[in-house]
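To start, the structure under review is shown below, and the notes come after it.
The values are calculated or read from the model by the stated rules, or taken from the named source; none is laboratory data. This structure is a prediction, so every number in the text was calculated from the model and none was measured. In this analysis, Cβ positions are derived from the backbone assuming ideal geometry, glycine residues included, and neighbour counts consider all displayed protein chains.
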Amino acid sequence: MYESHFGLTAAPFSLNPDPAFFFGSRGHSNALSYLKFGVYQGEGFVVVTGEIGAGKTTLVRTLLSELDRDRIVAAQIVSTQLEAGDLLRSVALAFGIAPKSLSKAELIATIEAFLTLLVTENKRALLIVDEAQNLNREAVEELRMLSNFQLGSQALLQSFLVGQPELRVLLTSKPMEQFRQRVIASCHLGPMDEAETRAYIEHRMQQVGWTGNNPAFDDAAFARIFHWTAGIPRRVNLLCNRLLLGAYLSSQDLVDAATVDTIGNEVRSEVGDAATRPGPTEVRRPAAGDAAMPPAAPSAAVQSLAPAVGPLVVVAASDFDDVKLAALLPALKQHKVAPRMVRVTIGEKARYALNQPLHRHFGVDVPVVALEISEADPTEQIASVMKQFAQLVDEHRPDAVLVIGGSDGALACGLVGRKKGCRIVHVEAGARAAAVGVDEAANSVLLDRMADVFYPAEMPAYVALVREGVGDAHLQHVGSLLVDAVQAAAGAPAALPAMSQEASAVVARGYGLVMLNGAIMAGDSESITELLSSLHEISREKPLVWPMPRHIDARLEALDLSSLAAHERIQRVDPVGFIESVGLAQGAAFIVTDSRDAELVAGILKRRCLWVDAPHPGASVGRHDAVKPSGAGAAERTAEHLAHWLSGRGKAASH
């Protein structure tokens, strides 16, 4: 309607994915490079995730438009809750194979024959599954089985899985380990930043003949478009299309901030919050030479409907995360621009209750919401966390969500927060496989790709983020919050746990401390038996004191291994909180652990550390010096930077 009025050759902001309008933001350019790399490899799986409207389909169509159709036969299916059998039939139909009434075995044989024929014609097959987050585990397993087809050493089928962030939750669960071994590349499409959003709008306008005026956009208008859309391409298209239509109907040749706010509010009232909910924004400090321009004052109607800044939701996915929050929260509360806060715990309440003395020692008084998870497989537990956390976000409407490390719980909350338009704060960002293990590193990478501000605990993590292109305004090397917590606990009044007479005698003579976080107990009976045998060997050097968490006790009971853990030189005591753990660690000759955090505790207290391997048959104990932690003060450094960042004042002064 408005194209001819403005002299445009086509509608620049159509909602239909069109490769002609592909815009190479940093995230989209990286993703396209990943896809091209995957095509070059010609095997395995490539996984692409992104929020609704992030540009995944446009990305895929851009790739398809660049493929050599004489060499690559591409087929695309859209997953809408497909079961495994339906998926195979959909794959056949996508490649032009009529499945008729074939049995599953016949269907698989037919698909393999078709793929083999392509290879004999010097071609290969590429399958693209869109909306792949709707696949169930069995359907993904069918895709993995199809990837086994080979002719000699050549793979017959390569697959791209494209979907919303929930797809990563499925693929990173433990049952998907075999599938993950076939993934050769993966990427996540996050939102564009403010500068990229402006460049995106100008790019699409220029593609249809716009020369910078008729209509013109003032600088403040671009900032307000980013505010309303959070840099999500589909939201930008929806809002900008309405802006151009409004300018045409009102005979305006300038789009200003007030117009954007008026139209943004109209669109939100028509189609709901999801389309144009104001997203994460930052107030940029004026650079030298910038024109002095005060922000445009919105109309009274827009001003009254503007959402208030929500609280900061801080997430503890483990009792060690909760310990770190105990150090951080008082530092935040004491800041002159302190945010409102809600503390969230994930898992059994009793485990967090043991840390209450530490929170009282720090003087923390923050509302707590407990997300409980039942005994279920990891995928169901993550789904439960995401559902409960989504309800919490809807209720509290936080401005930002703070997560720690790379646990499954942290990733689940980060995904939900990002999906609902919250800014993401990643504490202990930048951790990679060598430091934390493959699974946590994969989760940490995903969180880093969706995060808005990063607080690495160690210098190698800081360097990794810098190399990955994280800007200085969003990054601060703060050190480990655990150092602050340990030092506070070490200075608290001594409170060792209640012990039997035998255990007290062991403590008096000297002992080693067992601090297992329970992950190693996820192994089978054979690996846990080998672990217990290793503990027996260690106890020959010094008897061991083992404060045994209830979930480990229950696991041993379930495997009928409790008697093996009741060795005469291994004294089991009741579960303890962090202050008591530090008290025991101070008196121990060494610490036996499977936890990176407990290893850090050993380093802070200058105790020898005996590291237990991850669960597998043949688990062993290796001796090495504990990691050397950075100094104290991480809580104050994090609070200073975070409080200013949340309040929109930019980057705090370096420390």
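What to note about this one:
- Only residues that are assigned to a helix (DSSP H, G or I), hydrophobic (A, V, I, L, M, F, W, C) and under 30 Å from GLU142 (Cα atoms) were counted in region 6-56, giving 5.
- Of all residues in region 366-376 being outside any loop (DSSP other than H, G, I, E, B) and in contact with a helix residue (DSSP H, G or I) (Cβ under 7 Å, 6 or more places away or on another chain), the one that is surrounded by the most Cβ atoms within 10 Å (Cβ to Cβ): LEU371
- Unique match (being within 26 Å of THR120 (Cβ to Cβ), β-branched (Val, Ile, Thr) and not assigned by TED's automatic domain parsing to the domain that holds GLY417) among VAL60, VAL73: VAL73
Residues are listed down the side, and each one gets a yes or a no for (1) at pLDDT below 85; (2) part of a strand (DSSP E or B); (3) under 26 Å from the mean Cα position of the chain (by Cα):
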{"position": "SER159", "(1), (2), (3)": "no, yes, yes"}
{"position": "ILE184", "(1), (2), (3)": "yes, yes, yes"}
{"position": "PRO191", "(1), (2), (3)": "no, no, yes"}
{"position": "GLY209", "(1), (2), (3)": "no, no, no"}
{"position": "GLY212", "(1), (2), (3)": "yes, no, no"}
{"position": "ARG224", "(1), (2), (3)": "no, no, no"}
{"position": "ASP261", "(1), (2), (3)": "no, no, no"}
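- Among the residues of region 366-376, those that are touching a residue at least 12 places away in the same chain (Cβ under 8 Å) and farther than 28 Å from HIS335 by Cβ comprise GLU372, ILE373.
- Some residue of region 278-288 being farther than 25 Å from GLY24 by Cβ, modelled with pLDDT under 85 and either of a type in the set (Lys, Arg) or surrounded by 14 or more Cβ atoms within 10 Å (Cβ to Cβ) (or both): yes
- Search result, residues across region 81-132 that are hydroxyl-bearing (Ser, Thr, Tyr) and surrounded by fewer than 17 Cβ atoms within 10 Å (Cβ to Cβ): SER101, SER103, THR116, THR120
- Count of residues meeting criterion [under 21 Å from GLN501 (Cβ atoms) and among the basic types (Lys, Arg)] in region 554-572: 2
- Neighbours by Cβ (under 7 Å, 6+ apart or cross-chain): first from region 344-355, assigned to a helix (DSSP H, G or I); second buried (at least 20 other Cβ atoms within 10 Å of the Cβ) and not charged (D, E, K, R): ARG351/PRO549; TYR352/THR345
- Residue check, ALA275 at pLDDT 85 or above, aliphatic (A, V, I, L, M), farther than 30 Å from ALA643 by Cβ and surrounded by 13 or more Cβ atoms within 10 Å (Cβ to Cβ): no
- Qualifying position, being touching a Leu at 6+ places or on another chain (Cβ under 9 Å), of a type outside the set (Phe, Trp, Tyr), surrounded by fewer than 19 Cβ atoms within 10 Å (Cβ to Cβ) and modelled with pLDDT of 85 or more, among ASN241, ASN237: ASN241
So that you can scan it fast, the table gives a plain yes or no per residue for (1) buried (at least 18 other Cβ atoms within 10 Å of the Cβ); (2) touching a residue at least 12 places away in the same chain (Cβ under 8 Å); (3) among the aliphatic types (A, V, I, L, M):
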position: HIS361; (1), (2), (3): yes, yes, no
position: VAL364; (1), (2), (3): yes, yes, yes
position: PRO378; (1), (2), (3): no, yes, no
position: ILE382; (1), (2), (3): yes, yes, yes
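- Here ALA54 meets each of (1) surrounded by fewer than 16 Cβ atoms within 10 Å (Cβ to Cβ); (2) modelled with pLDDT of 85 or more; (3) under 29 Å from ARG423 (Cβ atoms); (4) not hydroxyl-bearing (Ser, Thr, Tyr) with one exception, condition (1).
- Qualifying residue in region 4-17 (condition: free of Cβ contacts under 8 Å to residues at least 12 places away in the same chain, surrounded by fewer than 22 Cβ atoms within 10 Å (Cβ to Cβ) and not assigned by TED's automatic domain parsing to the domain that holds SER153): yes
- The set of residues in region 331-343 being in a loop (DSSP other than H, G, I, E, B) and charged (D, E, K, R) consists of LYS336, ARG340.
- Residue under evaluation ALA155, criteria (1) out of contact with any Leu (no Cβ under 7 Å at 6 or more places or on another chain); (2) at pLDDT below 85, criterion not met: (2)
- Residue pairs meeting the criteria (Cβ under 6 Å; at least 6 apart or on separate chains; first over 18 Å from SER29 (Cβ atoms), in region 178-199; second surrounded by 17 or more Cβ atoms within 10 Å (Cβ to Cβ) and among the polar types (S, T, N, Q)): ARG182/SER147
- Residue match in region 181-191 (condition: under 23 Å from GLY85 (Cα atoms) and touching a strand residue (DSSP E or B) at 6+ places or on another chain (Cβ under 9 Å)): yes
- Flag if VAL140 is outside any loop (DSSP other than H, G, I, E, B) and in contact (Cβ under 8 Å) with a residue 40 or more places away in the chain: no
Here's the yes/no breakdown for (1) touching a residue at least 12 places away in the same chain (Cβ under 8 Å); (2) touching a Gly at 6+ places or on another chain (Cβ under 6 Å); (3) more than 23 Å from GLY347 (Cα to Cα):
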{"residue": "VAL514", "(1), (2), (3)": "yes, no, no"}
{"residue": "LEU535", "(1), (2), (3)": "yes, no, yes"}
{"residue": "ARG540", "(1), (2), (3)": "yes, no, yes"}
{"residue": "ALA558", "(1), (2), (3)": "no, no, no"}
{"residue": "ALA566", "(1), (2), (3)": "no, no, yes"}
{"residue": "ILE579", "(1), (2), (3)": "yes, no, no"}
{"residue": "GLY587", "(1), (2), (3)": "yes, no, yes"}
{"residue": "ILE591", "(1), (2), (3)": "yes, no, yes"}
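- Leading residue by the ranking (farthest from LEU87 (Cα to Cα)) among those in region 98-117 that are at pLDDT 85 or above and hydroxyl-bearing (Ser, Thr, Tyr): THR116
- THR120 passes every criterion in (1) at pLDDT below 85; (2) within 28 Å of the chain's Cα centre (by Cα); (3) of a type in the set (S, T, N, Q) apart from (2).
- Residues of region 231-253 satisfying the condition of being farther than 19 Å from THR197 by Cβ and part of a loop (DSSP other than H, G, I, E, B): SER250, SER251, GLN252, ASP253
- Filtered by the rule that a residue be touching a Phe, Trp or Tyr at 6+ places or on another chain (Cβ under 8 Å) and surrounded by fewer than 21 Cβ atoms within 10 Å (Cβ to Cβ), region 574-596 gives GLY587, ALA589, SER595.
- Of LEU167, LEU126, all but one fail to be touching a residue at least 40 places away in the same chain (Cβ under 8 Å) and either charged (D, E, K, R) or part of a helix (DSSP H, G or I) (or both); the exception is LEU167.
- All positions within region 65-75 that are surrounded by fewer than 16 Cβ atoms within 10 Å (Cβ to Cβ) and of a type in the set (A, V, I, L, M, F, W, C): LEU67
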